[in-house]
Structures are given as structure tokens and as C-alpha cells.
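A short worksheet on the structure shown next.
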Amino acid sequence: MDDAHAFEPEGHFEPEDHYVIDTVEALKVLSDEKRLQILGLLTQQPMTVKEIAAELDLPANKLYYHMRQLEDQELIRVVATNVVSSIIEKTYRARAYRYTVSKGLLPVTPEFTEATSQLVIELLDSVRRDLLRALEAGQWNPSEDGHSPGEFRREELLLTPGQLREFRERLDALISDYPQVGYHSDQAPEPDPDADAYSLVAIMFPRLDGR
């Protein structure tokens with residue numbers, strides 16, 4: 001008979017809406033494909049290492065190093081423990097639903113630039129993989145004019161500092177009007193049972209080539 005103890009919650013934990021990464025060390029930890037995938041899963045729901053391994057189709061022993069790195073930088077936390085056959089099994093959750101980089105890491109150093117560049121590469125690559133999976137599964141056919149559930153879009157905007165601040169506030173407000181995957185706050189709208197999950201990727205940065 002399996003020696004399993006009851007699930008022992010460490011207390012209810014709800015991820016923060018937003019967490020600011022304020023150390024180069026934390027930024028470096030996120031500049032890794034597997035750790036980004038792990039963090040993405042844990043923003044959606046609490047999971048054990050075994051569950052994460054199954055989702056990523058990887059051996060569990062390949063993930064412990066990455067979990068420790070994320071936990072050491074307080075990007076994830078243990079929310080419950082379960083003792084199975086005298087082994088403590090931990091359940092993890094992401095610290096927040098959304099992460100941004102602190103302006104306090106500036107001025108830019110070569111170390112910061114390298115970590116940020118790697119993070120952007122990993123983020124865009126994860127988007128590329130998800131998009132290709134959707135295309136291969138026939139979930140999205142951009143050639144279906146006006147009928148595709150997704151779209152490509154790039155805009156070049158001229159904004160004053162005040163307009164930039166207003167744009168960000170309006171974008172945040174618009175996103176908050178719709179249920180987010182894995183977000184179960186009491187303030188969040190209740191998702192429609194017919195709703196499908198979509199990915200929205202927004203990258204905004206100042207251009208250096210003028211107008």
C-alpha cells in the first residue's frame with residue numbers, strides 16, 4: 001500500500017498581479033527556455049515537479065536544478081507538500097502572473113545586456129513554437145481573410161511621455177476586462193465556457209532611427 005499522507009497546504013497563496021525583476025541574477029535565471037516554460041505553467045496553476053515534467057515531456061530529474069534556480073530567486077514558491085512513501089513532494093506556484101524588469105537595473109552594463117538579450121530570445125522562441133503548433137494543428141490559418149482567430153500586427157507610433165503612459169494604462173485596463181488563463185482572482189471576470197485560450201505578445205520599445 002502506498003504510504004501517502006494527506007495534502008498539506010502551506011496556506012492559501014494567490015500570485016501577485018505584477019512582480020518587478022530587480023536583480024541581474026533573477027534576470028539570468030529567466031534567460032533559459034526550460035525555466036520560462038516552467039514559470040509559464042506555474043502562472044496557470046499549482047504543479048509538482050512530476051506534473052511539470054509530464055507537461056514538458058521531460059524526465060523529472062532534469063528539472064530539479066531549474067526549480068531550485070527559480071526558487072532561490074523567489075520567482076516561484078512552495079504552496080503545499082505531500083509525503084508519498086516517505087518522500088516529500090512539493091507543489092509549486094509562480095510568484096506573479098506578470099513580470100517586468102526594473103529600471104533600477106540601468107544604466108545598462110554588458111552583463112545586463114547579455115541577460116536581457118537572452119531573455120528576449122527565449123521569449124520570442126517560445127512564442128514561435130506555440131504559433132507553429134497552432135498552425136500545424138490547423139487552429140489558425142492566416143489566409144482565411146477576416147475569419148482567422150488570430151492575427152499578425154505591427155504598428156509604429158509617435159507618442160509623448162504622457163501619451164505613452166496613457167497607452168500603457170489603457171492597454172492594462174483593456175486586458176484586465178477579460179479573464180486570463182490561470183488567473184482566478186475574485187475580481188477577474190468569470191470565463192465563458194465557450195471561450196478559447198489566446199496568446200497576446202506585446203513588445204514596446206523606443207526606436208533609434210527617428211521618425
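The values are calculated or read from the model by the stated rules, or taken from the named source; none is laboratory data. Model, not experiment: these values are computed from the prediction. Neighbour counts are summed over all protein chains in view; Cβ atoms, including those assigned to glycine, are modelled from backbone coordinates with ideal geometry.
Return yes or no: is ALA96 surrounded by 10 or more Cβ atoms within 10 Å (Cβ to Cβ), at pLDDT 80 or above and closer than 28 Å to GLU74 by Cβ? Spell out how you get there, then give the answer.
Values: surrounded by 10 or more Cβ atoms within 10 Å (Cβ to Cβ): yes; at pLDDT 80 or above: yes; closer than 28 Å to GLU74 by Cβ: yes.
Spelling it out, ALA96 is indeed surrounded by 10 or more Cβ atoms within 10 Å (Cβ to Cβ), at pLDDT 80 or above and closer than 28 Å to GLU74 by Cβ.
Yes or no: GLU55 closer than 23 Å to TYR198 by Cβ, modelled with pLDDT under 85, of a type in the set (D, E, K, R) and touching a helix residue (DSSP H, G or I) at 6+ places or on another chain (Cβ under 8 Å)?
On the way: closer than 23 Å to TYR198 by Cβ: yes; modelled with pLDDT under 85: no; of a type in the set (D, E, K, R): yes; touching a helix residue (DSSP H, G or I) at 6+ places or on another chain (Cβ under 8 Å): yes.
In short, no.
With respect to ASP32, determine if the residue is surrounded by fewer than 18 Cβ atoms within 10 Å (Cβ to Cβ), among the charged types (D, E, K, R) and in contact with a helix residue (DSSP H, G or I) (Cβ under 8 Å, 6 or more places away or on another chain). Let's see the steps before the verdict.
Values: surrounded by fewer than 18 Cβ atoms within 10 Å (Cβ to Cβ): yes; among the charged types (D, E, K, R): yes; in contact with a helix residue (DSSP H, G or I) (Cβ under 8 Å, 6 or more places away or on another chain): yes.
It is true that ASP32 is surrounded by fewer than 18 Cβ atoms within 10 Å (Cβ to Cβ), among the charged types (D, E, K, R) and in contact with a helix residue (DSSP H, G or I) (Cβ under 8 Å, 6 or more places away or on another chain).
Exposed (fewer than 15 other Cβ atoms within 10 Å of the Cβ) and in contact with a helix residue (DSSP H, G or I) (Cβ under 6 Å, 6 or more places away or on another chain): which single residue out of LYS50, LYS103 fits that description? Break it down into steps so the answer makes sense when it comes.
Working: LYS103 fails: in contact with a helix residue (DSSP H, G or I) (Cβ under 6 Å, 6 or more places away or on another chain).
Exactly one of LYS50, LYS103 is exposed (fewer than 15 other Cβ atoms within 10 Å of the Cβ) and in contact with a helix residue (DSSP H, G or I) (Cβ under 6 Å, 6 or more places away or on another chain), namely LYS50.
Which pairs have Cβ atoms under 6 Å, sit 6 or more apart or on different chains, and link a residue in the stretch 100-125 that is among the basic types (Lys, Arg) to one that is modelled with pLDDT of 70 or more?
none
VAL181 fails exactly one of the following numbered conditions: (1) surrounded by 12 or more Cβ atoms within 10 Å (Cβ to Cβ); (2) at pLDDT below 70; (3) more than 29 Å from LEU27 (Cα to Cα). What is the number of that condition?
So VAL181 meets the others, but not (3).
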